[in-house]
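Read the structure below first, then the notes.
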Amino acid sequence: MSQPSAIINVMAMAAKKAALGLVRDFGEVDQLQVSQKGPADFVSAADLRSDEILRRELSKARPDYNLITEESEAKPLNPDQPTFYVDPLDGTTNFLHAIPHFCISIGLVEGKKPVAGVIYDPIKDEIFWAEQGRGAFVNDRRMRVSSRSQLNSALLATGIPFKGSKGRMEKFTKQLNNIAGQVSGVRRMGAAALDLAYTAAGRYEAYWEEGCYPWDLAAGIIMVREAGGMVSELDGGDQVLHGGTIYASNANLHDELRRRLTA
Ligand code: LIP
């Protein structure tokens, strides 16, 4: 196994520290489901607590780096320094409904290129990590994308538009209509970072979603690439981090799936 570098250790330690609070809070969400008001405020507070710990830990270890989190206000970046893109709770809706599928995602980006990433699922205690040129790992096992090349045995993941994702439903239903009947299955699990990590681990053959943010994607993009997979925009553009529709898959099925999804 490749030894995690200093920066991976920094990111992994920050994620594990923040996850302690998330796991404790997750235990309470279950109780709050039945209350009249529901757990929404409680969950935003949990998200903010995770955010605060991640910010503190990452900026203590790398004070010069830029840091953007889902919860932070936009501020000018120093273009000479790398940028951490952090989602303190990816899969918020799952968390809110007491569904144990969520994670913390930390990506490190140089210029526009993700170069390192850590995604931690504290419920399953799986830490996914990758660094440019050093491979991708889950816990201490190397990850490789799947080698399936037959469409009919491929399992895909996606995100379904929901309230607020204006105008995307028509395009999505067309994509789903083009593909669902051809493949083994399509999952909507609700945490983009884990969808990418699972694609890197060969659990899914591919994943696509429109409307994600760089903090959902930065860590997962480097993971899929280091596991031997391909990541692009569905329409062929190269702005994967800031672009429209993220599309990641194993190398064998990349072109064929894209053709069908965009037909
Ligand atoms: C979520 C993503 C998910 C997507 C949701 C949302 P959050 O991130 O991981 O894939 O479908 O719209 O963006 O809001 O839980 O950090």
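The values are calculated or read from the model by the stated rules, or taken from the named source; none is laboratory data. Given the structure is predicted, the values throughout are model-derived calculations rather than measurements. When we count neighbours, we look across all protein chains shown, and the Cβ atoms used for this are built from the backbone with ideal geometry, even at glycine.
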Long-range neighbours under 9 Å by Cβ, at least six apart or interchain, first residue free of Cβ contacts under 8 Å to residues at least 40 places away in the same chain and in the same structural domain as P214 (by TED's automatic domain parsing) within region 184-197, second assigned to a helix (DSSP H, G or I) and surrounded by fewer than 18 Cβ atoms within 10 Å (Cβ to Cβ): S184/L151; S184/N152; S184/S153; V186/L176; V186/A180
Residue check, G243 buried (at least 17 other Cβ atoms within 10 Å of the Cβ) and closer than 27 Å to I68 by Cα: yes
Long-range neighbours under 9 Å by Cβ, at least six apart or interchain, first residue more than 14 Å from Y207 (Cα to Cα) within region 142-161, second of a type in the set (A, V, I, L, M, F, W, C) and modelled with pLDDT under 95: R142/M1; P161/M169
Flag if A200 is small (G, A, S), closer than 19 Å to I127 by Cα and away from the ligand (no atom under 13 Å from the Cβ): yes
Strands (runs of 3 or more DSSP E) wholly inside region 173-234 that include at least 2 residues being aromatic (F, W, Y): 206-210
